[in-house]
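Working notes, structure below.
The values are calculated or read from the model by the stated rules, or taken from the named source; none is laboratory data. Nothing here was measured: the structure is a model prediction, and the numbers come from that model. All Cβ positions, even for glycine, are placed from backbone atoms using ideal geometry, and neighbour counts span all protein chains on display. Surface areas here come from the heavy atoms of the whole protein model, side chains and all, with no ligands, DNA or RNA. Shrake-Rupley method; radii C 1.70, N 1.55, O 1.52, S 1.80 Å.
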Amino acid sequence: MPVDLGKLMRKASSAVSVVSGPIAARLALPEGRFPTAGDWVADLRSLRWLDDDRFELAGWAYDRDVDYTGTQPTVRVWAHSDGALPRFVPLEVTIDPSPEANQSFNGATRDADYSGNCFRAIGSLAQLCRHGTRQWNLRVSVAAPGSQVQGQFTKVYGLGPAGYRTSRRCAAGTALPRWSKMGLSLLVVPLLPTATGIHYDGDRISIDVAHRATISSAELVSPQGRTRLEVRRGTEGSTLVGTIPAVEESRPWQESAPGVWGYPVDDPATSLPWLQHRVLVRTGDGEQPVLIGSGQLVEANPVLVEAGPDGELRLGAGSTWAIVTSAELVGDDEPVLRVAGRCHGDLAGVRFTLANERDTRSGSVTQDGDSFTADIAFLKSNWDLPALPPQIGRLTLAATTGDGLTIPVRCAPAVVDKAPDSVWNRWFRLYYAVRTGKVLSPRLEVPLKTEEIGTHNQALIRSQYESGEWPIVDKMYFESFYGRQCGCNPLALREEMVARHPNVPRVWAVRDLSVAVPEGDEAVVDATTAWWRARAEARWLVVNDWLRARFTPREGQTVLQTWHGTMYKKVGLDRGEQLDAEEREFMLGERKKWDLLLSQNPHSSRVFRESYLSNPPIYEEGYPRNDLLVNGSGEHIRSVLGIRADQKVVLYAPTWRDDRTELVDYLDVNKLAADLGDGYMVLLRAHSRVIRVGSAAKVGAGVIDVSTYPNTTDLLLIADIMITDYSSIMFDFAVTGRPMIFFTPDMDSYRDQLRGVYLDLEEVGPGPVVSTQDEVLATIRDIDEVADRFAERYVQWQADYTPWDDGGSSARVLDRLLVDAPPADPAILN
């Protein structure tokens with residue numbers, strides 16, 4: 001059986017060591033007597049070997065109950081070993097201030113400044129090995145005026161070098177870094193079999209192994225089986241000699257961990273064959289893995305050699321794979337991720353990509369012998385819009401052949417060591433990261449500059465925002481669905497403003513720069529200084545959702561709340577016990593920020609008054625966004641989407657659910673398209689709330705996923721039939737007069753438990769209410785007869801809910817806004 005490293009650790013932690021020679025470790029450190037913090041945070045961000053002796057820890061530590069703002073705390077790090085003769089070995093600490101410690105996604109919950117608590121600490125493996133077999137626990141202390149606390153590391157950043165801890169050989173034995181509920185520890189044990197040299201000529205491999213116990217046999221082990229190696233004993237160890245077996249391409253290997261043993265995807269039919277061999281030796285202590293004794297082994301053999309999760313030696317095998325030895329973000333206006341490295345096999349026709357579930361960016365690759373370089377551009381044009389970067393979030397590097405087969409692409413230690421560092425670009429901030437299987441997986445965040453990062457810096461900018469130093473100017477601020485898009489009623493009012501008053505400056509708040517902003521308008525990204533300033537300066541704010549806590553109304557500003565749909569599902573206080581006290585307080589606080597309120601119809605006006613206890617002036621003028629449905633043409637939109645003139649368009653647009661974050665997928669759109677045939681095109685429109693967090697639909701022929709298309713009204717304009725459930729889109733689509741189907745398989749739970757509704761669709765709805773896929777298909781096939789059957793209801797629905805959607809809503813609303821809230825300089829309207 002393989003050696004139980006956990007058992008070795010437990011034995012070492014309880015061992016009484018006999019120390020010979022000079023004792024460098026002190027019996028005690030004053031910091032070791034500091035009390036432990038009640039709300040202690042100690043993040044291990046990286047663990048790197050600087051050479052075969054020195055290791056470096058980086059991270060931060062603080063007590064959440066202490067405000068370190070304006071002070072420079074003293075941080076110390078040491079290795080502590082219990083036993084009959086405890087030892088404390090201090091590490092050399094350097095303060096390395098970083099606002100990353102103040103990021104909310106890194107655990108910061110207050111506006112206090114923890115950047116001065118960031119550190120780098122360097123230790124010597126030789127100094128620890130001097131004391132024989134021991135377990136060394138790494139601890140941190142932080143001292144500031146009135147506070148002295150210490151504790152273990154509490155969290156590890158797993159997508160970088162702290163997550164890929166490798167062993168090292170020292171004079172007295174082997175050092176094994178470990179992470180457990182006790183935090184970070186270094187286990188020093190008697191010398192385990194450790195590779196000190198590797199020689200490979202493409203056929204035969206020889207591995208030099210240092211060891212304490214005699215090696216009786218050795219094997220390469222993988223899911224494919226075991227291959228015996230010859231053991232040649234020498235004066236300073238042994239050499240293992242043999243051949244790495246070819247991969248049996250027909251066998252789908254079962255992975256012991258994702259991307260570690262074999263195919264990096266679940267379906268081997270879509271991947272080129274590849275797997276890893278461990279090197280196991282048998283000694284008097286049993287079967288043990290051969291460890292990597294030096295990082296130089298990996299650097300010298302990047303395609304062949306890799307360290308496993310416990311620092312064990314692993315040898316790659318397969319027809320084609322690549323190892324990334326460098327990754328760099330280059331370019332500002334047109335950013336590119338440049339990855340380079342070594343490869344095995346021919347990369348001709350291979351496409352390198354950075355992708356998430358909804359977006360893919362591709363790059364070209366050049367190969368020179370066993371070296372390659374790939375440039376992957378971040379900017380891409382979608383939907384006939386300007387080239388833009390992906391949404392913020394994580395991307396994964398992959399490579400596929402021209403036949404669509406995936407080839408393994410893994411990161412060398414130099415790339416792993418870049419995480420979690422970040423680099424700023426005017427489009428985004430890129431954080432390097434390496435996920436399970438050493439796959440490059442960078443994360444894009446909004447392009448905050450260093451002085452904008454973290455809760456502390458955001459609090460400073462907010463203080464500037466609330467100080468009044470930015471004067472109000474004649475500028476119009478637009479925000480749609482928290483900046484996820486530039487659409488809905490704000491976009492329609494913007495179009496009217498441009499047509500009539502083009503000199504008024506216009507600014508859009510966006511979640512990130514993947515959002516297309518109309519030409520001539522300024523984009524300000526959430527949380528940047530420019531975003532805060534735009535909110536402070538704008539005389540008019542036109543929004544369709546909550547402004548949330550980061551907006552404070554100023555005298556001289558006017559907020560026009562256009563909202564984003566007539567209410568079918570219950571909202572506000574009408575939700576009753578579904579709301580807790582905090583949610584009620586939030587909603588009532590939000591409605592106090594509205595100076596003017598836009599309503600589509602009498603029903604909406606009544607609900608606003610009753611459900612939000614709202615009393616600002618209400619513009620009951622129809623919805624500006626629906627002017628396009630009266631005045632617009634869908635010819636260009638169909639062309640952009642690639643829909644033939646002879647195809648009928650079926651739009652499926654379900655709303656979101658309060659009890660799930662992913663796409664509502666009750667309707668199998670691929671089956672529907674197949675059943676309808678080539679004469680139809682099915683469009684799938686997921687709600688904006690699930691686009692960032694839910695999985696993208698896997699659409700096939702006859703289906704287009706239009707969830708990221710910027711403006712929903714364009715899709716209503718070209719739809720011949722619409723399928724929805726409880727979405728307010730049911731009221732907007734009525735402007736077209738075209739048939740709609742209500743697919744509501746979860747009606748009972750949605751109506752009676754989850755949300756509650758204002759209307760009974762089965763009694764008054766302008767189309768049939770169905771609950772099965774077969775009923776949807778049958779209704780579409782008989783749509784003309786169905787439309788005739790619901791004609792009377794449809795007319796009444798339009799009279800009740802779209803009486804003012806006549807193509808002139810935008811003009812009426814803008815007229816009233818500029819009368820009720822005129823500019824400081826009337827000449828700007830000329």
So the check is Cβ under 7 Å with 6+ separation or different chains; which pairs have a first residue in segment 578-591 that's under 25 Å from residue 560 (Cα atoms) and a second one that's in a helix (DSSP H, G or I)? 584/573; 587/572
Answer with yes or no whether residue 585 is among the acidic types (Asp, Glu), buried (at least 19 other Cβ atoms within 10 Å of the Cβ) and within 30 Å of residue 468 (Cβ to Cβ). no
Please determine whether any residue of segment 82-103 is open to solvent by 40 Å² or more (accessible area, probe 1.4 Å), closer than 30 Å to residue 446 by Cβ, free of Cβ contacts under 8 Å to residues at least 12 places away in the same chain and not acidic (Asp, Glu). no
From the residues in segment 345-364 that are in a strand (DSSP E or B) and free of Cβ contacts under 8 Å to residues at least 24 places away in the same chain, which one is surrounded by the fewest Cβ atoms within 10 Å (Cβ to Cβ)? 364
Hits in segment 202-219 (condition: of a type in the set (Ser, Thr, Tyr) and within 46 Å of the chain's Cα centre (by Cα)): 206
Neighbours by Cβ (under 7 Å, 6+ apart or cross-chain): first from segment 638-653, touching a residue at least 40 places away in the same chain (Cβ under 8 Å); second of a type in the set (S, T, N, Q): 653/724; 653/727
Looking at 207, 198 in this structure, which one is open to solvent by 10 Å² or more (accessible area, probe 1.4 Å), of a type in the set (A, V, I, L, M) and part of a strand (DSSP E or B)? 198
Is there a residue being closer than 19 Å to residue 185 by Cβ, in contact with an Asp or Glu (Cβ under 9 Å, 6 or more places away or on another chain) and surrounded by fewer than 17 Cβ atoms within 10 Å (Cβ to Cβ) anywhere in segment 116-124? yes
Scanning segment 747-768 for residues that are among the charged types (D, E, K, R) and outside any helix (DSSP H, G or I), which turns out most open to solvent (accessible area, probe 1.4 Å)? 760
Picked from segment 274-298 (must be without any contact (Cβ under 8 Å) to a residue 60 or more places away in the chain and open to solvent by less than 10 Å² (accessible area, probe 1.4 Å)), the residue farthest from residue 217 (Cα to Cα) is 275
Is at least one residue of segment 737-745 within 25 Å of residue 683 (Cβ to Cβ), part of a loop (DSSP other than H, G, I, E, B) and within 36 Å of the chain's Cα centre (by Cα)? yes
Search segment 301-329 for residues that are farther than 18 Å from residue 291 by Cα and pair each with any residue that is of a type in the set (Phe, Trp, Tyr) and open to solvent by less than 10 Å² (accessible area, probe 1.4 Å) when their beta-carbon atoms are under 8 Å apart and the residues are at least 6 apart or on different chains. 317/274; 318/274; 319/274; 320/274; 321/274; 322/372
Given the residues 227, 174, 214, which is the only one that is in a strand (DSSP E or B), open to solvent by 20 Å² or more (accessible area, probe 1.4 Å) and of a type in the set (Val, Ile, Thr)? 227
By residue number, the members of segment 517-555 that are among the small types (Gly, Ala, Ser), modelled with pLDDT of 95 or more and either open to solvent by less than 10 Å² (accessible area, probe 1.4 Å) or assigned to a loop (DSSP other than H, G, I, E, B) (or both) are 520, 527, 534, 536, 538
Quick one: what pairs do we get from segment 529-549, first residue within 13 Å of residue 505 (Cα to Cα), second among the acidic types (Asp, Glu), C-beta under 6 Å, 6+ apart or different chains? 539/474
How many of the residues making up segment 231-250 are touching a strand residue (DSSP E or B) at 6+ places or on another chain (Cβ under 7 Å), more than 30 Å from residue 272 (Cα to Cα) and assigned to a strand (DSSP E or B)? 4
Within segment 438-455, count every residue that is open to solvent by 30 Å² or more (accessible area, probe 1.4 Å), in a helix (DSSP H, G or I) and not polar (S, T, N, Q). 1
Going through segment 550-572 one residue at a time, which ones are over 23 Å from residue 492 (Cα atoms) and either over 33 Å from the mean Cα position of the chain (by Cα) or without any contact (Cβ under 8 Å) to a residue 24 or more places away in the chain (or both)? 554, 555, 556
Tell me which of these residue 622 doesn't satisfy, since it passes every other one: (1) of a type outside the set (Phe, Trp, Tyr); (2) under 19 Å from residue 798 (Cα atoms); (3) open to solvent by less than 30 Å² (accessible area, probe 1.4 Å); (4) assigned to a helix (DSSP H, G or I). (4)
From the list 480, 463, pick out the single residue that is open to solvent by less than 10 Å² (accessible area, probe 1.4 Å), at pLDDT 95 or above and not charged (D, E, K, R). 480
Looking at segment 299-312, can you tell me whether even one residue there is modelled with pLDDT under 90, open to solvent by 50 Å² or more (accessible area, probe 1.4 Å) and not in a helix (DSSP H, G or I)? yes
Just to be sure I understand, how many residues within segment 805-815 are farther than 17 Å from residue 475 by Cα, assigned to a helix (DSSP H, G or I) and open to solvent by 20 Å² or more (accessible area, probe 1.4 Å)? 2
Criterion first (in contact (Cβ under 8 Å) with a residue 24 or more places away in the chain, charged (D, E, K, R) and under 23 Å from residue 181 (Cα atoms)) does residue 130 satisfy it? no
